[in-house]
Amino acid sequence: MWVIRKGLSHRQFLGAVAAALLLNAPPDAADKEAVVRGNTQFALDLYSTLRDQDANLFFSPYSVSTALAMTHAGARGTTADQIAGALHFSVPPARLHPVFAALMKEVNGDPEKRPYQLYTANALWGQKGYDFQDDFLRVNKEHYDAGLNVVDFAKATEAARTTINQWVEKQTHDKITELLPKGILDRMTRLVLTNAVYFMGDWEYAFDPKRTRDGEFHVNDRTTVTVPLMHHDSEFRHMSNGDVIGLDLPYKGRDLSMIVLLPPEKTTLADLEKKLMPDNLEAWIEAMKPGRVMVTLPKFKVESQFSLKSTLSRLGMPLAFSEQANLSGINGLRNLHIADVVHKAFVDVNELGTEAAAATGVGFRQVMAPPQFTADRPFVFLIRDNRNGSVLFLGRVMNPEG
């Protein structure tokens with residue numbers, strides 16, 4: 001809807017039209033590629049920091065990047081520079097936010113039509129009584145379909161925590177509960193950023209549950225556990241070199257894939273993780289070629305929850321969490337800082353698939369046995385949007401038993 005105010009000059013009117021057309025124009029392909037690449041670098045930076053704990057790991061770098069891009073809209077000066085640097089934002093804000101909007105639209109698609117479940121929740125929660133800048137609210141609404149939620153941390157801390165948790169639970173269809181544990185907020189909290197993710201997709205080619213059987217998974221040189229191992233014999237994109245053995249398991253519709261990266265025999269997951277860089281990841285995925293392969297993959301569930309304040313500070317944006325933060329683009333004052341960034345994610349990998357995907361390929365019997373992809377030791381996995389290259393989820397399985 002257009003509103004033309006009395007007294008608007010011809011030049012002002014044309015400027016408003018041009019601005020509107022620019023807002024609705026698709027982002028430049030080079031900008032989109034730069035943002036995706038920056039997001040991938042941030043994903044691997046975050047993984048490198050979080051993998052210090054010797055345990056299973058799962059998170060959504062896409063969700064964290066998107067939520068912090070929302071925050072970046074209100075950051076100014078060195079604070080904005082630090083956020084941009086930590087997240088590898090290489091395009092200016094005026095072009096950054098439309099790219100994120102385009103990626104979100106492409107990733108989320110139409111919930112009624114897409115053949116997978118992807119529930120994300122991200123929002124900013126601000127202290128009651130603050131006046132928020134119109135431009136900040138506009139950017140969040142127009143580009144992220146999200147706004148700032150007002151709560152009263154000062155006088156009703158527990159009520160604010162309950163409100164946030166209930167909102168996240170609703171947004172994720174009851175899959176993510178109790179995102180904020182008791183004690184994480186206090187009366188001095190002024191701004192909290194939350195994001196939660198749940199994903200479940202049907203395989204393009206389902207694993208037959210009848211073929212699942214217990215087998216050994218070698219956690220390390222000293223520990224072996226017996227876990228349910230799924231088996232499949234079909235055509236998948238895969239590759240192998242001295243650094244990694246890679247496999248592409250597409251989800252129904254092929255918009256998304258799980259990429260599984262396994263260290264070769266006589267090497268460790270730590271060896272692989274040292275080589276986990278954007279250029280290598282891109283090269284490994286491009287090197288995958290379709291062919292028959294015998295796949296063995298454990299069933300596993302991973303749920304992770306993090307307070308990312310210290311992690312993001314180490315990655316280069318400490319100012320945003322300090323009293324020296326300049327988030328004046330949010331409320332026009334320099335009295336806000338981010339109290340914490342809390343992230344929770346859940347993934348369930350099993351045999352489930354649609355009946356139409358149950359065709360295991362009754363084809364030629366090869367004289368030579370097909371290559372094998374046997375994930376019977378720790379591995380890295382990521383869920384990727386094949387349309388634009390975005391890494392939606394990233395993690396590793398050290399022990400399928402948890």
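Observations on the model:
- Quick note on segment 90-150: its Rg to Rh ratio, both from C-alpha atoms and Rh being the Kirkwood radius, is 1.05.
- Debye log10 I(q)/I(0) at q = 0.17, 0.24 Å⁻¹ for segment 123-197, Cα point scatterers: -0.66, -1.13
- For the chain: rounded, prolate or oblate by the Cα gyration tensor [a/c cutoff 1.5]: prolate
- Counting charges near Lys274 (Lys, Arg +1; Asp, Glu -1) among other residues having Cβ under 13 Å from its Cβ returns a value of -1.
- In segment 260-312, inverting the average of 1/r over every pair of distinct C-alpha atoms gives 14.5 Å as the Kirkwood radius.
- The angle separating the long axis of helix 29-50 from the principal Cα axis of greatest extent in the chain is about 70 degrees.
- Over segment 42-178, the hull volume per residue, using the convex hull of the C-alpha atoms, is 152 Å³.
- Set of lysines with alpha-carbon distance to Lys32 below 17 Å, sequence-local pairs under 8 removed: Lys105
- Kirkwood hydrodynamic radius of segment 275-349, from the reciprocal of the average inverse Cα-Cα distance over all distinct pairs: 16.8 Å.
- Across all Cα atoms of segment 151-310, the radius of gyration (one decimal) and Dmax (whole number) stand at 20.9, 62 Å.
- Using alpha carbons only: equivalent-ellipsoid semi-axes of segment 213-273, gyration tensor based, whole Å: 23, 18, 10
All of the numbers you see were taken from the coordinates with simple rules; none came from a lab. As the structure is a computational prediction, the values presented were derived from the model and not from experiment. So basically every Cβ, Gly included, is an ideal-geometry build from the backbone, and we count neighbours across all protein chains shown.
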